[in-house]
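To keep things clear, I will list the structure first and then write my remarks on it.
FYI, it's all coordinate maths here, none of it is from the lab. On a predicted model such as this, the values are computed, not experimentally measured, just so you know. Neighbour counts are summed over all protein chains in view; Cβ atoms, including those assigned to glycine, are modelled from backbone coordinates with ideal geometry.
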Amino acid sequence: MPAPATVDDYIAGFPPDVAERLRRIRAEIVGAVASASGHEAPEQKMRYGIAAVMLGGRYALHFAGWKKHIGLYPVPTLPAPLESEIAPYRAEKDSVVFPHAHEVPYELIGRVAAEIAAQRVSPDG
């Protein structure tokens, strides 16, 4: 089976329940990046076999579906109190995972994406 060429193709390759979670996560990320950049629709593309939402020619955030979870990458250490909210989902230094067996905190993902996008558009980001 060929690798998906678009983010839509990538999401469509998952079972319906996981695809719906991926669509909602994608919407949160796209909305946050659009707000931070002032553009209506940030570029989305496949990178390293997973979905990426771009910001200013660089990635803002990657998201991926796996057998047991959905992951976001890279998620740097965030300012308090946001870091304490995302900490239970951290799998590695710059990765967070949301197991399929649990509810997905979409609103939290949106706030994390907004913070990452804001960091990337700032002169220091």
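Overview of results
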item: Residue match in the range 22-39 (condition: hydroxyl-bearing (Ser, Thr, Tyr), without any contact (Cβ under 8 Å) to a residue 24 or more places away in the chain, touching a strand residue (DSSP E or B) at 6+ places or on another chain (Cβ under 6 Å) and farther than 18 Å from PRO105 by Cβ); result: no
item: Filter result for ILE109 (in contact (Cβ under 8 Å) with a residue 60 or more places away in the chain and either crowded, with 19+ Cβ neighbours inside 10 Å or not in a helix (DSSP H, G or I) (or both)); result: yes
item: Filter result for ALA32 (small (Gly, Ala, Ser) and over 15 Å from ASP9 (Cα atoms)); result: yes
